[in-house]
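Below: the structure, in structure tokens.
The values are calculated or read from the model by the stated rules, or taken from the named source; none is laboratory data. For clarity, every value in this text was computed on a predicted model and none was experimentally measured. For neighbour counting, all protein chains shown are included, and Cβ atoms are generated from backbone atoms with ideal geometry for every residue, glycine included. Each accessible area value is taken on the protein alone, full model and side chains, heavy atoms only, with ligands, DNA and RNA left out. Shrake-Rupley method; radii C 1.70, N 1.55, O 1.52, S 1.80 Å.
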Amino acid sequence: MAAWPMYAEQQLNAFHMIREMGLAIEIRMDYRWEVLKKASNAIVEADATEKGVRKIMDLESEVRSKVKEMSEICRKTMEKGGSSYDWLGRFIENVFVNISSYLE
């Protein structure tokens, strides 16, 4: 993932993904709206975009390996017996119980 947050929670999400989790690369991190008001600062230039894309495409990059690792962890949670699989099943069961009681 390449991040250039502009509005609202995008800044927090980008910070979390880039700095804390290491699952994204920074294209540009403008945290102040005043910076974006200037037309010259509101455009990401080709070299910045290219640099970010090259980082993502690098087969040896740390970000790429972390994304693969996280992908495998997430995949396991969706398998039978995984936490997401179990909780989704409980949620669906709860919906049917509540619908049944509502319709009676």
- Mean accessible surface per residue for the stretch 60-104, computed with a 1.4 Å probe while every protein chain stays in place, in Å²: 90 Å²
- About the Cα centre of the chain, how large is the charge dipole given +1 on each Lys and Arg Cβ and -1 on each Asp and Glu Cβ? Please answer in debye to the nearest 20. 180 debye
- Message: How much length would be gained if the chain were fully extended between V97 and K51, taking 0.36 nm per residue of separation minus their Cα-Cα distance, in nm to one decimal?
- Response: 11.3 nm
- Task: Rank V44, V67, V53 by mean-square fluctuation in a GNM of the chain with C-alpha springs under 10 angstrom and give only the top-ranked residue.
- Result: V44
- Item | Prolate/oblate/rounded call for the stretch 45-104, Cα gyration tensor, a/c under 1.5 rounded | oblate
- By the C-alpha gyration tensor axes a ≥ b ≥ c (rounded if a/c is under 1.5, else prolate when a/b exceeds b/c, else oblate), the shape of the chain is oblate
- Accessible-area composition of the chain, carbon plus sulfur, in percent [1.4 Å probe]: 59 percent
- Which of M21, N94, M78, positive extreme of dipole for the chain (C-beta unit charges): M21
- Message: Output wanted: per-residue J couplings in Hz (rounded whole) for the stretch 53-68, from phi through Karplus 6.51 cos²θ - 1.76 cosθ + 1.60, θ = phi - 60°, x for Gly and Pro.
- Response: 5, 4, 4, 5, 6, 5, 5, 9, 5, 5, 4, 4, 5, 5, 5, 4
- Task: Take the alpha carbon atoms of the stretch 66-85, find their center, do the same for the stretch 1-22, and report the distance between the two centers in whole angstrom.
- Result: 22 Å
- What angle, in degrees between 0 and 90 and rounded to the nearest 10, separates the Cα long axis of helix 83-103 from the longest principal axis of the Cα atoms of the chain? 50 degrees
